[in-house]
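S.K.: After the structure tokens below, expect a handful of questions from me.
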Amino acid sequence: MSAQAQRPGPPYQVIAAQIRARIVSGDLRPGDRVPSIRQIAQRWGVAVATATKVTALLRAEGLIETNTGTGAVVGAPGARERSLGPPVGRSRVTPRMLRWATPTGGEPHRKRLLRCAITIADTEGLDAVSMRRLAAELGVGPMSLYRFVANKDELLTRMADEVFGELDLPRPKLGGWRADLERIARLQWQLCRRHLWLPEVVSFTRPLLVPGMMAQTEWILRALEGLGLPPAIGMREALTLHALVLTAALSVSEEVEAVENTGVTLDDWWAAARTPARELLGTDRFSLLTRTPWDAAANPDGLFEYGLARHLDGFAVLIGEPPTS
């Protein structure tokens, strides 16, 4: 065996291999926490950027998943395939992930361009998406991509349209207006959990005039049809429902970004903040906050469901129906 063959790989691959071996051997079992980015940096004496590559590689392989609050844990066997979408968090794009998005020859067509851009955004965030990066991944010259999109703004718009088109919208009016609005909101919530960047590109003052997005609004308006609402109220309800989903999803995206940038999970952050919080809340000024469990604000799914339920209760009052208990 040559000296070149015996040479170890980059540090992040070496560290990832050690953690991978513990998972494969059963030393780390599904649900067990794996070292955080900060712990990897400290234990192996590497930079945070290198530690981030370790977790990204393991996440891309489906071995670990990142949960809001608890950080990185060993994923359940086959959980990625069974889930509605990938776990919260991003990972580094790998050649295997992009192979299906790359043309077999010639220049990429728009569909492949968009799927490649979406894959990068899903795994590395919007900042990683550029015409130069896409050209490199697709093996073409950057200027050739402008045959399909005029600029990055159009690229982002078409990416959003593409992912909104992933939703297989059911037929409305199958269970009443409330069941319909719950159904569409939860579908959009799942979509935003799969594509953490999506809330960043949606505007309500300058809406995306694309079929995928417009179909969502049309579906809501059809679900409200027959309630006797003025068209303006129906549109405002549709936009408010969109805003509820996207605002909740944005908090998830921001938390994932904070974990990736700092290596500190939400649980670790609260653990570090417990002492100063106790000192601040120990005064008579915040007597009600003192009795509030911190995790009441740390569960994005719970906050989303609460916000959705209370919003629909209010809408029921508007149209003269009693809210649910």
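S.K.: Answer with one residue from HIS242, SER253, THR275: the one whose Cα lies farthest towards the positive end of the charge dipole of the range 238-325, charges on Cβ with Lys, Arg +1 and Asp, Glu -1.
M.R.: The one lying farthest along the dipole's positive direction is THR275.
S.K.: Around LEU280, what is the net charge, scoring Lys/Arg as +1 and Asp/Glu as -1 over all other residues with Cβ under 15 Å from its Cβ?
M.R.: Neighbour charge sum, excluding LEU280 itself: +2.
S.K.: Oh, and also: Determine the gain in length on full extension of the stretch ASP32-LYS111; use 0.36 nm per residue of separation and subtract their C-alpha separation, reporting nm with one decimal.
M.R.: This chain segment gains 24.6 nm when fully extended.
S.K.: Out of residues 5 or more away from ILE64 or on other chains, whose amide H comes under 5 Å of its own, with H placed 1.01 Å from N in the peptide plane?
M.R.: For ILE64, whose amide H was placed from the backbone, the distant partners under 5 Å are ARG59, GLY75.
S.K.: For the range 187-230, what is the accessible area per residue in Å² when the probe is 1.4 Å?
M.R.: About 48 Å² of surface per residue is accessible.
S.K.: Find how much the distance from ASP168 to LYS152 grows on full extension, using 0.36 nm per residue of separation minus their present alpha carbon separation; answer in nm with one decimal.
M.R.: In short, 3.1 nm is gained.
S.K.: Using each residue's phi in the range 184-190, evaluate 6.51 cos²θ - 1.76 cosθ + 1.60 at θ = phi - 60° and report the 3J(HN,Hα) Karplus result to the nearest Hz, with x for Gly and Pro.
M.R.: 5, 5, 6, 4, 5, 4, 4
S.K.: What are the residues whose amide H is under 5 Å from the amide H of LEU208, where those residues sit 5 or more places off or on another chain and H is modelled from the backbone?
M.R.: SER203
S.K.: Further, regarding this structure: Per residue, what accessible area does the range 241-284 have, given a 1.4 Å probe and all protein chains present, in Å²?
M.R.: For the range 241-284, the solvent-accessible area averages 54 Å² per residue.
S.K.: Between THR262 and SER25, with labels modelled 7 Å along Cα→Cβ, what's the label distance in nm to one decimal, could you check?
M.R.: Going from the THR262 label point to the SER25 one covers 3.4 nm.
S.K.: Within the range 156-314, what whole-number % of the accessible surface is contributed by carbon and sulfur, with the 1.4 Å probe and all protein chains included in the calculation?
M.R.: 58
The values are calculated or read from the model by the stated rules, or taken from the named source; none is laboratory data. Predicted model only: the values in this text are computed from it and were never measured. Reconstructed Cβ throughout: ideal geometry from the backbone, glycine too, with neighbour counts over all protein chains shown. The area values use the complete protein model at the heavy-atom level, side chains included, leaving out ligands, DNA and RNA. Shrake-Rupley method; radii C 1.70, N 1.55, O 1.52, S 1.80 Å.
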